[in-house]
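The structure under discussion appears below in the form of structure tokens.
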Amino acid sequence: MLGIGFVLLNAPKFMLALVASGIYGLGYGLATPGTNLWVGESYGERRATALNVMNLAWGAGAISSSPLAMLTVRTANVPLLLYVVGAICVLLSLALLRMHFGKPPHEEESSSQVPAGKAAGLGAAIILGILFFVYVGTENGISYWAADHARRAATWSSNTFTLAPMFFFAGLLSGRGAAAAVLLRLKEVHVAVGGILLAATGLSVFLIAHTPVMLFGGALFAGLGLASIYPIYIAWLSKWFGARARKVGGVMFALAAGGASTMPTLVGVVSRYSGSLRIGLLVPLAGCAVMLAVIALLRPQTRN
């Protein structure tokens with residue numbers, strides 16, 4: 001569906017291109033939970049490290065896509081790019097059909113390792129769902145508005161303020177690479193809490209800064225702090241719910257998508273009524289505070 005959506009984006013009629021966007025989005029919505037849950041099921045106690053490595057690849061794609069799109073637009077090769085990406089997606093789907101995924105370890109081990117009384121229930125699912133919603137909303141709220149805030153916060157001689165999101169994604173990319181190693185030595189909850197505090201500090205610097213260096217530095221550290229949070233949440237989902245993670249995961253990823261669409265809009269609404277984008281960006285800062293409070297309520301260190 002990803003491949004078909006990419007190819008049809010070059011449709012001669014606008015309505016067909018919109019349908020292609022829907023097909024692509026549906027394919028993305030199916031592929032993302034599937035790959036994340038597969039990694040979470042397959043790597044046991046190393047799941048958080050493995051998920052950081054996988055999301056590191058996602059970050060590399062996020063950073064490379066913008067300059068690649070800019071290059072193809074300048075050289076009038078957009079249709080070629082769409083066809084190449086579409087073909088790669090089709091080849092990947094054929095390769096996945098031939099892969100032997102094996103039986104998830106949870107199906108073999110959950111009955112002997114997780115006492116029935118300690119299995120995660122509805123309360124844990126609701127609280128974890130809040131974390132999924134708020135995290136993705138916070139990440140998108142920062143990345144979506146970063147360039148516009150940078151443009152307003154400093155004086156620029158060119159359009160280099162547009163690089164602010166790139167520094168944020170660079171922080172995400174480098175942070176996931178580092179977290180893959182750090183999580184082999186530190187507990188997931190400690191890395192998560194430390195990351196949220198670092199992200200809040202970086203975002204605070206970004207909000208009060210008036211020079212390009214401080215703005216880019218704040219965006220970088222905000223991304224660095226958020227880097228390991230999402231993979232850790234997915235690892236908790238897989239660890240606590242075992243074989244049920246496949247069912248619960250659909251709701252979690254739907255909530256994540258809801259946060260991605262809701263919180264950037266909320267930043268815009270607050271900015272409009274307050275007259276300041278800086279005040280609007282307090283929304284993702286509040287998101288960091290909410291995540292810290294929810295993690296304290298969830299008490300991950302006490303769970304199996």
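The values are calculated or read from the model by the stated rules, or taken from the named source; none is laboratory data. A quick note: this is a predicted structure, and the numbers were derived from the prediction, not measured. A quick note on method: Cβ atoms are made from the backbone with ideal geometry, for glycine too, and the neighbour counts reach across all protein chains shown.
What to note about this one:
- The condition of being hydrophobic (A, V, I, L, M, F, W, C), closer than 30 Å to Leu37 by Cβ and modelled with pLDDT of 95 or more holds for Leu266.
- Selection from the stretch 61-95 of residues that are among the β-branched types (Val, Ile, Thr), assigned to a helix (DSSP H, G or I) and out of contact with any Gly (no Cβ under 7 Å at 6 or more places or on another chain): Ile63, Thr72, Val73, Val78, Val84, Val85, Ile88
- Among residues of the stretch 142-165 that are closer than 19 Å to Ala199 by Cα, those with a Cβ under 8 angstrom from a residue that is assigned to a loop (DSSP other than H, G, I, E, B) and of a type in the set (A, V, I, L, M), sequence gap 6+ or separate chain, pair up as Ile142/Leu281; Trp145/Leu281; His149/Leu281.
- If only residues of the stretch 59-91 that are in contact (Cβ under 8 Å) with a residue 24 or more places away in the chain and under 30 Å from Ala179 (Cα atoms) are counted, the one that is nearest to the chain's Cα centre (by Cα) is Gly59.
- For the stretch 133-160, the candidate set comprises residues that are in a helix (DSSP H, G or I) and of a type in the set (Phe, Trp, Tyr); within that set, the residue that is surrounded by the fewest Cβ atoms within 10 Å (Cβ to Cβ) is Tyr144.
- Criterion (within 25 Å of Phe253 (Cα to Cα) and at pLDDT below 80) met by exactly one of Ala20, Ala60, Ala48: Ala48
- Looking only at the stretch 172-226, residues that are farther than 25 Å from Arg299 by Cα and of a type in the set (Val, Ile, Thr) come to 4 in all.
- Here the condition is being surrounded by 13 or more Cβ atoms within 10 Å (Cβ to Cβ) and either at pLDDT below 90 or touching an Asp or Glu at 6+ places or on another chain (Cβ under 9 Å) (or both); of Leu2, Leu30, it holds for Leu30 alone.
- If you go through the stretch 261-278 and keep only what is over 19 Å from Arg152 (Cα atoms) and crowded, with 19+ Cβ neighbours inside 10 Å, you end up with just Met263.
- The sole residue among Ala180, Ala222 that is over 20 Å from Val136 (Cβ atoms) and of a type in the set (Gly, Ala, Ser) is Ala180.
- Only listed residue being assigned to a helix (DSSP H, G or I), among the charged types (D, E, K, R) and surrounded by 20 or more Cβ atoms within 10 Å (Cβ to Cβ), chosen from Lys247, Lys239: Lys239
- Scanning the stretch 272-304 for residues that are free of Cβ contacts under 8 Å to residues at least 60 places away in the same chain and either among the polar types (S, T, N, Q) or part of a helix (DSSP H, G or I) (or both) turns up Arg272, Tyr273, Ser274, Ser276, Ile279, Ala286, Ala293, Ala296, Thr302.
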